[in-house]
Amino acid sequence: MTIAKLKDALGEARVLTDEAAMADRRHDYWMVSTLRDRLGRGAPAPGCVVRPTTVAEVQATVRLATETRTPLIPFGLGSGVVGGVIASSDAILLDLSSLNATRSIDPVNLLASFDAGKNGLAAEEEVAAQGLTIGHWPQSVAVSTVGGWIATRASGQFSTAYGNIEDIVYSIEAVLPDGSLVVLGKGPRASAGPDLRHLMMGSEGALGVVTGVTLSLRRAAEKRAVSAFAAADMRTGFDYQRELVQLGWRPPVMRQYDVRESGRLHAEARDHTVIMVHEGPAPLVEVETAAAAELAQRMGLSPLPASIVEHWLGHRNNVPSWDQLLARNIAADTVEVSATWDRIAGIYDAATSAVAEMEGCLAASAHSSHVYRSGLNLYFTFAFYREDAQQLEAAYFEAWRRILQATVDGGGSLAHHHGIGRVRRDWLPQELGPEGVALLRKLKQTLDPAGVMNPGVLIPDA
């Protein structure tokens, strides 16, 4: 009945029920979903796939979902890695990838507006043609959408200078669960009550559907330079990053790799490798690069070849696929957390040690990739082998549990930029506290009383 109503409202071309279309959109890029597919117990196909090309079609779909109490799952390009999309056989899968127009590029006010389904790399290339940049470079930039950046509260590899998505977004257009359309954000800064843009940022489709995004741009950098140094241990590298940032320098890229990851980074990397990319006006780049080198020398870090950073820039998004790993009975993932400077080293030690103690552990390592005046993030990597593939899922969740528990015990934050999805969902009380979770539940109940918006994500015990 719901499918018939959708076809009446949108036309048959917008409502897909063929097996191939539905199979391709059953889940996002979560390791566990891929593993379950290989073991023959993957997510079912949705009831149908809706591919809108206008905001009005999104509104009509959302209204019908709410009226019929049909689960509605927003879907961009499927690059999420925490289980934010898992279909159910009774659900409408709302594929926004055809809602992908560039609405405007304004070089005077440095603003660019896009439909939510716009491919991130395509958006960057269009503004780059006018000498501008979004400055947002998640690893998934070529396979993610600008709306997905909002929904997951994303961060990019150049964030130390350019900010995370909340620092780049200017306004957000979204369809609420009752089908109404809101535009949140109007000026470069406002004091007009709570900033309602933050209702959509990180909402993961549970509070509405992002349909349009306006981003605040930058002029393309006049000059780029790179730096690389070796620190004797992780704490020395952390201290170096803290001192550099707190002195007021802002290299867009600041990353630090432990010994294990330094070995994978480049043949010439050694010890605990710190790499930086410096961008901006030529005089600023020159002064910043010199200041970084002077501080490194003063703190006992050794210079490393620039080729390490150039190699990273050229290969930073090249990683094995889940299928390639699972074909060898290896389960792996990354877990990104954050903490203040005085806590981050303890979390690193506790988490890597706890994971390394697990049977069949092939990797338990970390690097930092996003730096702030008051702390930084850690990006843990783990990998396990099991002779019996049926045991991989349990090992996967145990590794996640150990990393998150070490983070909680160390006083850190459980999620830096991939979001909550399902893998972190039941840990959210540790992050927000019971009162914070109660507030989130009230928001969900108020905006989505029928409970149809992407059920199963974000809210604990959903």
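The values are calculated or read from the model by the stated rules, or taken from the named source; none is laboratory data. All of these numbers come straight from a predicted model, not from anything done at the bench. Cβ atoms come from the backbone with ideal geometry, glycine included; neighbour counts cover every protein chain shown. Heavy atoms of the whole protein, side chains included, go into the accessibility calculation; ligands, DNA and RNA do not. Shrake-Rupley method; radii C 1.70, N 1.55, O 1.52, S 1.80 Å.
Inside the range 216-236, residues that are assigned to a helix (DSSP H, G or I) and touching a Phe, Trp or Tyr at 6+ places or on another chain (Cβ under 8 Å) make up a count of 1. Check whether at least one residue in the range 394-415 is buried (at least 19 other Cβ atoms within 10 Å of the Cβ), touching an Asp or Glu at 6+ places or on another chain (Cβ under 9 Å) and closer than 30 Å to residue 180 by Cβ, and report yes or no. So far as the range 394-415 goes, yes, one or more of its residues are buried (at least 19 other Cβ atoms within 10 Å of the Cβ), touching an Asp or Glu at 6+ places or on another chain (Cβ under 9 Å) and closer than 30 Å to residue 180 by Cβ.
When the range 30-53 is filtered for residues that are closer than 19 Å to residue 325 by Cβ and either under 23 Å from the mean Cα position of the chain (by Cα) or free of Cβ contacts under 8 Å to residues at least 24 places away in the same chain (or both), the ones remaining, listed by number, are 30, 31, 32, 33, 34, 35, 36, 37, 40, 41, 42. Here residue 56 meets the list (1) assigned to a helix (DSSP H, G or I); (2) open to solvent by 30 Å² or more (accessible area, probe 1.4 Å); (3) of a type in the set (Gly, Ala, Ser); (4) touching a residue at least 12 places away in the same chain (Cβ under 8 Å) almost entirely, failing just condition (4).
Please enumerate the residues belonging to the range 356-390 that are open to solvent by 10 Å² or more (accessible area, probe 1.4 Å) and not in a strand (DSSP E or B). Of everything in the range 356-390, those that are open to solvent by 10 Å² or more (accessible area, probe 1.4 Å) and not in a strand (DSSP E or B) turn out to be 356, 357, 358, 359, 360, 373, 374, 386, 387, 388, 389, 390. Of the helices (runs of 4 or more DSSP H) lying entirely inside the range 110-176, the ones with 2 or more residues being open to solvent by 30 Å² or more (accessible area, probe 1.4 Å), of a type outside the set (Ser, Thr, Tyr) and modelled with pLDDT of 95 or more are found at 120-128, 165-168. For the range 1-29, the tally of residues that are assigned to a helix (DSSP H, G or I), free of Cβ contacts under 8 Å to residues at least 60 places away in the same chain and either at positive phi or over 28 Å from the mean Cα position of the chain (by Cα) (or both) stands at 10. A single entry from 303, 252, 281 fulfils the requirement of being open to solvent by 50 Å² or more (accessible area, probe 1.4 Å) and under 26 Å from residue 126 (Cα atoms): 281.
Starting from the range 318-346, keep only residues that are more than 26 Å from residue 142 (Cα to Cα) and assigned to a strand (DSSP E or B), then list their pairs with residues that are open to solvent by 40 Å² or more (accessible area, probe 1.4 Å) and polar (S, T, N, Q) whose Cβ atoms are within a distance under 8 Å, requiring at least 6 positions of separation or different chains. Pairs that qualify, where the first residue is more than 26 Å from residue 142 (Cα to Cα) and assigned to a strand (DSSP E or B) and the partner is open to solvent by 40 Å² or more (accessible area, probe 1.4 Å) and polar (S, T, N, Q), are 340/374. Taken over the range 236-267, the criterion of being of a type in the set (D, E, K, R) and either at positive phi or at pLDDT 95 or above (or both) is satisfied by 239, 242, 243, 250, 255, 258, 260, 261.
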